[in-house]
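Coordinate-derived values only; no laboratory data. Fair warning: this is a prediction, and the values are worked out from it, not measured in the lab. Glycine also receives a Cβ, built like all others from the backbone with ideal geometry; neighbour counts cover every protein chain displayed.
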Amino acid sequence: MFEFFNSPEVINIIVIIGSMLLFFVGLFGLLTQKHIIKIFMSIAIMETAVYLFFIGSLFKLDAIAPIMKVADDTSKFNDPIPHAMILTAIVIAMAVFALGVSFAIEYYKLSGKTNIDTMNEMRH
Amino acid sequence: MSSVLFVALPLLFGFSTPILGYFGKNAVAYVSTLMQLFLLYLGFDLLLNEGFSIELISIAPPLGISFVVTKVSLLFVLLFTSVMTLFSLYYLSYRSEKPYRDESKFFILINMLLAASIGLVLSSDIFNIYVFFEIAGISAYILSAYEKSSSALEAGIKYLITGAVASIFLIFAIVLIYIYIGSLNLGIIAQHFELLPFQIKLLISILLLIGFGFKVEIFPLNFWVSDVYQGSSTLVNALFSAIVVKAYLFVFFHLLYLFLPHGEFSLFLIYLGAFSMLAAEVAGLRQSHLKRLFAYSSLGQVALVFTAFALQNTQAIQAALFIVLAHSVAKMGIFFALALIEKEHESMESETLKSLNSPFLRVILLISMLSLLGIPLFAGFVGKLLVLKSLALEGMLPIIMMIILASLIEAVYYFKLAGYMFTSDKRRDVLKVTWAHKTILAFLSLLLLIIGMAPFLLSEYLFEASKLMLGGVS
Amino acid sequence: MSIKRSLSTLTLSGFTLSALLILSFINILLQNVATNIERAGDGLLKLNSSEGVANVVTTVVVYFRGFDTLGEIAVLFIASLGVGLMLERNTECTIKVQSNFMLQSASKLLFPIIIIFGLYVMIYGHLSPGGGFQGGVLVASAVLLLLISNKDLEVPHAVISALETLAGVSYVLIGLMGLLLSDVFLFNFLSPNIADFGLLLSGGIIPIVYIIVGIKVGSEMGFIVQNLLKRSDDV
């Protein structure tokens, strides 16, 4: 009964709806949360959603991982570019969040604040 | 010579600073400045010899990444390199009195910023643009939080959050482009973009607009700018307004001209730009903190450039390039002078100018402000006049009214500052300006006067550059 | 606490806004399914057998799009520099709780295994799934395990800094060497021999660069982990 899920169209629909729901979770968090770390987490969730969407949409059911021998027929492999791009993007996102967390730690140490609504030292 | 050196050398410098550290305390500073001078030489060399070249990296485009050097990208490269060189020269004599802590890291960051801005302008691969977008972003976040005071950190956090959100939208757009077009090369995307289904085209355009909108400081995505400028240190602000935002502006409109050559969103963007300008100047009117005030003035100028670029015709682009040059030079002069004032008076309220006792700095500030305002004989005038002229040719009277109104509001607060500087009499002791600082500041002001009085020196080059930019060589 | 909680306007408006946005995204994406398009990846797959190594993702990451990877290394480098700048320590290490016996002995057992696995993933990255990033992160995780199990341990800063400098500089120098030898930045100047395809020593500069990337990622991540773990504050 689960063959139904094996058709590319159904998988595409699942990927789109699933990743966009995840994006929704992140966006909702970004718009409503006030704690700095929670905002970083929301942004990270949104990014993950985009990565999932990308990998999922270009995933071919009948194709295999692109590790080839010399004279292989190239049409049986999955597209390598999404993997390479997402590898790059993940590392970049991780670097930015590590930096963000260190900013937040240092800011908390200096001012004792974690809520972005109270971050208004400069607006008198 | 190869244009990849513009990115490779700063990266090499950044990675090798621990080695340079062994050669004494000043080695890093001098090597950094020498490298920037070399890059400046390289830029002029490319300008004189070729003017157009495609530089491969690893493999040939469209599958690989390539750097495209045209007259217009060279213009921006030269602008960034010379701004950074002047910044380094200025800082070299500034650091003896008030250096940043952990100086070698500071030099790494400014060079990475330079490399990333140049990479943004030269690259012809959209994912590569995303990588440079992030390098420029991350070094700007650290530069803005560099002083580690609570206001600097607050600025850094705000900058980082907006930057991270912007990068999500950008990567989403790139993902959609790869899924629906199947290439990352700008030229190929430009060929196929029009054939996309309308909804996808709209979605990608909106995502790109949001992603770059944060970075090109356009209303309503510019709420963070004033805080970042106020929290960051004054010298760094010169880089933010002379390099970072200019690089993003160029990339945004480069992509726009490539993807939508017929100006589908033109009218919307023009109104957006004009409204941003008006909003920024109105908000600037009630600021008393100097850095915050000039942040709003930057927003206004950037919005004017945005409007001119959005008109999408040669004359308007030429005007925009004029304003870009004039604004970079003027803002550098202003922030360099403010840095000296801040060091002496330890306050950045606009009342500080009342007690400023240095005729030289007062004249420099006045010239820069007059140029920003667009008074005849100063550099800002030519650009503003050309923008208004091309708007008039298009018959957009409401936009012209908005820009003139915004300029009038701008005039109010500049003249308020000028009044503070020239009418008060309770002054402090004379503020000593070293000869090195005097030379650089005088050079910047002279540049403003030269461009203002003899715009024909540049106009031919800028006209060709604007034709190339609109023609969309990728 | 009462069951009936009032929803704030912020939550409601945030929910509505994001829901509308996402619904329109889903709508647009479902209505326009990408049909069979010739993508750049197919071209790269065809190019791979003559210019690349067995793992095509590695070829793409290190060679075909190697410039992105250089940029990515730069981002990681700047981030670890920033973390170091923010959390630099003036006082001694401050983990106050000594870890328990199980963690201590398990970490002694696991540390060499994780390190060897990390090195394996790094060195065989051009033949099997894995590579410099994955291997580097594995090595950094082994360092993290040591750091949390032993509160007095500290990875010497000089070692990390030396490794990171060496890796970063040699990456750019390899790129510049390509520029010097054949006018193309990051060119594979040790031209790969097709007969060696699939062997450990194959692919010219690709495995070398990926090992360099692994060292760089490992040292940067180790640095970030150590800085985040052992701060001077304890707030």
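Observations on the model:
- Sorting C:143-155, B:184-196, B:81-93, B:114-126 by their mean Cβ neighbour count within 10 Å, with the most densely packed peptide first, gives B:114-126, B:81-93, B:184-196, C:143-155.
- Exercise: per-residue mean of other protein chain Cβ atoms within 10 Å, C:42-53: 5
- Estimated vicinal HN-Hα couplings, Hz - region B:430-447 in sequence order (Karplus 6.51, -1.76, 1.60; Gly, Pro = x): 4, 8, 7, 10, 5, 5, 4, 5, 4, 4, 5, 5, 5, 4, 4, 5, 4, 4
- Listed residues C:160, C:208, C:78, most fluctuating in chain C (Gaussian network, C-alpha, under 10 Å): C:78
- Structure remark: mean-square fluctuation, Gaussian network model of chain C, C-alpha springs under 10 Å; the largest value among C:63, C:210, C:120 belongs to C:120.
- Ranked list, fewest to most other Cβ atoms within 10 Å of each Cβ, for B:102, A:117, C:68: A:117, B:102, C:68
- Rounded to the nearest 500, the helix-only mean residue ellipticity at 222 nm of chain B stands at -25500 deg cm²/dmol, with each DSSP H run of n ≥ 4 adding -39,500 (n - 2.57).
- Reciprocal of mean inverse Cα separation for the protein assembly as shown (Kirkwood radius, Å): 27.8 Å
- All aspartates and glutamates inside 19 Å of residue B:438 as judged from Cα atoms, apart from same-chain residues fewer than 8 positions distant: B:97, B:342, B:344, B:429
- 27 Å Cα-Cα threshold exceeded, pairs from B:291/B:384; B:343/B:416; B:71/B:389; A:109/B:331; C:46/C:216: A:109/B:331; C:46/C:216
- Taking a straight Cα-Cα cut-off under 18 Å and skipping sequence neighbours fewer than 8 places away in the same chain, the lysines within cross-link reach of residue B:25 are B:98, B:105.
- GNM top mover of A:87, A:31, A:110 - chain A, alpha-carbon springs below 10 Å: A:110
- Once backbone amide H atoms are built at 1.01 Å from N, residue A:77 has A:64 as its partners under 5 Å, excluding neighbours fewer than 5 places away on the same chain.
- The ranking of B:54, B:138, B:367, C:116 by Cβ neighbour count inside 10 Å, starting from the fewest, reads C:116, B:54, B:367, B:138.
- Per-residue mean of foreign Cβ neighbours for A:73-79 is 5 (Cβ atoms of other chains, 10 Å radius).
- For chain C, size of Cβ-based charge dipole, Lys and Arg +1, Asp and Glu -1, in debye: 780 debye
- Sites residue A:1 and residue B:103 - FRET efficiency at Förster radius 56 Å, r taken between beta-carbons, to 0.05: 0.25
- Taken along the Cα-to-beta-carbon direction at a fixed 7 Å, the label points for residue B:453 and residue B:389 span 2.1 nm.
- Distance between region C:144-211 and region B:155-194 - C-alpha centres, whole angstrom: 29 Å
- About the centre of its Cα atoms, chain B shows a dipole size close to 900 debye [charges on the beta carbon of Lys, Arg (+1) and Asp, Glu (-1) only; nearest 20 debye].
- Straight Cα distances below 19 angstrom link residue C:108 to the lysines C:151, with same-chain residues fewer than 8 positions distant left out.
- Inter-site label distance for residue A:69 and residue A:34 at 7 Å from Cα along Cβ, in nm: 6.4 nm
- DSSP H segments from chain C that extend 20 Å or more along their own axis, Cα-based, with Kyte-Doolittle mean of 1.0 or above: C:9-31, C:66-86, C:101-123, C:132-149, C:157-182, C:205-229
- Under 5 Å, built H, 5+ apart or other chain: amide partners of residue B:59: B:65
- Rounded tilt (10° steps) of A:36-57 against the dominant C-alpha axis of chain A: 10 degrees
- 3J(HN,Hα) from dihedral phi, region B:39-51, Karplus parametrisation 6.51/-1.76/1.60, rounded to Hz, x for glycine, proline: 4, 4, 4, 4, x, 5, 4, 4, 5, 6, 8, 10, x
- For region B:407-424, Karplus couplings with θ = phi - 60° (6.51, -1.76, 1.60), whole Hz, Gly/Pro x: 5, 5, 4, 4, 4, 4, 7, 5, 6, 4, 5, 4, x, 4, 6, 10, 10, 7
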